[in-house]
Amino acid sequence: MPGEQLPLDRFIDVVWGAQPPKSASANLYSYVTVLRRALHGRLNRLRSGYVLHVKPGELDVQVFTDLLVEARSEAAAGHVADSLGAYDRALKLWRGEPLADIKGPPPWIPYIQKLIDTRLDALEERAALYVHNGQQNEAVAELRGLIAEHPLRESLWRQLMTALASAGQRAEAIDTYGRLRSTLADELGIEPSEESQQVHRKLLGAPTARSRHTDVRTAELKRRCTDMEAMVRAAAATLPVSAMSMTTPGQTDADIPAPDNPGAWLEDNVDDILALVRQAATAGLASSAWRLSAAMLPFLDFRMRLEDWRRCVRIALVAARKCGDTEGEATMLRSLGQWHIYHDHFEAAEECFNVARVLTRALGNERETALAVYGLGAVARFTGRTPEAASLFRDSANALHSIGDAYGESYARWALAGAFIELGNIDGAEEQLNTALKSARSVGDRHREGHVLERFAAVYRARGNDSEAISCLEDALEIFTELGDVPCTTGVKEALAV
């Protein structure tokens, strides 16, 4: 914002992201010196940052915001023509997506997304005024273009249905609801929201008033989601946790015991649980949707139900964004990043993890930030950037250690050891594996213990000690067999056969 001090570390984050060079501060000083000359004294240095001085009317964003205030005020006063004029002047300031020419996902992405959403709100408000002013054709043309760009934004579809009905095209308005329903079903597997159903019922001539019973049903749905989430967490806490899920076992409600044969219970109920996620999202219960989705991910990961994983996360992500639930958005983005890694969509995965890192840092959630950094490390390693991966894994491990998360730390140390092996740093790999093994055993994480032992075998083989390598693999095989992890068991057997 104009006149607001920006700390030095934020400058560094903008320029270099998660992995700034050691010379970042010195380089930044050089860059800012050039920038200050170009801005003719507008950029001033304070003790811990910089302030940019902007005169009234010089910043497009501020002008846009002021014009929106004017437009809404005129509309509230019934001055439709004046309001439309203010909306037009505000929206003409837009010349494409803000900062679209800057590569990479910088820390201002949440702010940019909020600004884009504000523009969409303004466009919807102007379309409503078009209808009120008898300019249905303008409204319909604009809304159709916006829907093509944002097909999952239900409010645009509702506006279009209303505009078509006002233009006397009731049949097409009803057909528009059908296309909305098909879009949501195909993309997310959910029904249109209650608001959209109300518009549809009105078009059909059916009663539209929201009854007290609807509120009761919503409250009951929220309670069902809360109870189911507790049951799922209790069941999932008994499962092996994969390196990619990065979920902390044991985080359950002490009053909710795990069901008998938790894995079978989850298998039997998975479709009903995913349907509950869809129902919660449709009802606008974003928190219930993403929390239940997050609780299910360890099971979906372990059973490799990847299509269910994708659909579940996307449903919850859309619901979280719609409700402005930043915590839910960040959690689902990190989960979606993991899904992209499984499908070798590394560019998409990196973007998901980067945005999740930015959001969780803004929320002050150190654990989620560390896990997003871990995800960035995984992308770097899978794309051949092993030194960068090692640095990111180290940052993640140190952060998880500082908050006492032994589960997460053991994952990150194990991953760091793998990067060290690729770099030929066998001593460093052994040191990290010793720490990872200690962490895994301290919390009883048998699955991670098996993975660490399997990686120890690579260290011993690099040193030519095949007997120790075989011993580690046999211990890992025993653990994976005990846990019923077929893919890991198969992998260790193949390593023993080499």
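Every read-out reported here was derived from the displayed coordinates using simple, explicitly stated rules and does not represent laboratory data. All values derive from a computational prediction rather than experimental measurement. Backbone-built Cβ (ideal geometry, glycine too); neighbour counts: all protein chains shown.
Normalised by 2.2 N^0.38 Å, where N is the number of residues, the alpha-carbon radius of gyration of region 56-188 equals 1.16. Rounded to the nearest 10 degrees, the inclination of helix 386-402 to the longest alpha-carbon principal axis of the chain is 90 degrees. Comparing Cα centroids, region 428-488 and region 311-327 end up 37 angstrom apart.
Pairs of Cα atoms nearer than 8 Å and 6+ residues apart set the relative contact order; for the chain it is 8 percent. Summing Lys and Arg as +1 and Asp and Glu as -1 over all other residues whose Cβ lies under 15 Å from the Cβ of TRP339 gives a net charge of -1. Between GLU468 and GLU187, full extension at 0.36 nm per residue minus the direct alpha carbon distance yields a gain of 96.1 nm.
For the chain, lysine pairs with C-alpha atoms less than 21 angstrom apart, excluding pairs fewer than eight positions apart on the same chain, total 5.
For the chain, list log₁₀ I(q)/I(0) at each q in 0.06, 0.10, 0.11, 0.12 Å⁻¹, using the Debye formula over Cα point scatterers of equal strength and ignoring solvent, two decimals each. Result of the Debye calculation: -0.37, -0.93, -1.06, -1.18. How charged is the neighbourhood of TYR130? Take every other residue with its Cβ under 14 Å from the Cβ of TYR130, and add Lys/Arg as +1 and Asp/Glu as -1. Here the count lands on -3. The C-alpha atoms of the chain define a longest principal axis, and helix 80-91 lies at about 40 degrees to it. In terms of its Cα atoms, region 254-363 spans 40, 31, 27 Å along the principal axes, sorted from long to short. Between the helical axis of 109-132 and the longest alpha-carbon principal axis of the chain there is an angle of about 30 degrees. Per-residue extension of 0.36 nm, minus the Cα-Cα distance of TRP94 and HIS345, leaves a gain of 87.2 nm for this segment.
Here's how it looks for LEU59: its modeled amide H is under 5 Å from none belonging to a residue 5 or more places away or on a different chain. Amide H contacts of TYR50 (H built 1.01 Å from N, in plane; Pro and chain starts excluded): LEU6 sit under 5 Å, all sequence-distant by 5 or more or on other chains.
The phi torsions of region 171-180, fed into the Karplus equation with coefficients 6.51, -1.76 and 1.60 and a -60° offset, translate into couplings of 4, 5, 5, 5, 4, 4, 4, x, 5, 4 Hz, rounded to whole numbers, with Gly and Pro shown as x. Charged neighbours of GLY491, selected by a Cβ distance under 10 Å, balance to -2 (K, R count +1; D, E count -1). How would you classify region 390-486 from its alpha-carbon gyration tensor, with a ≥ b ≥ c the square roots of the eigenvalues: rounded for a/c under 1.5, else prolate if a/b is greater than b/c, otherwise oblate? Here region 390-486 falls in the oblate category. Over all projection directions, the Cα-based convex hull of region 319-453 averages an area of 8.2 nm².
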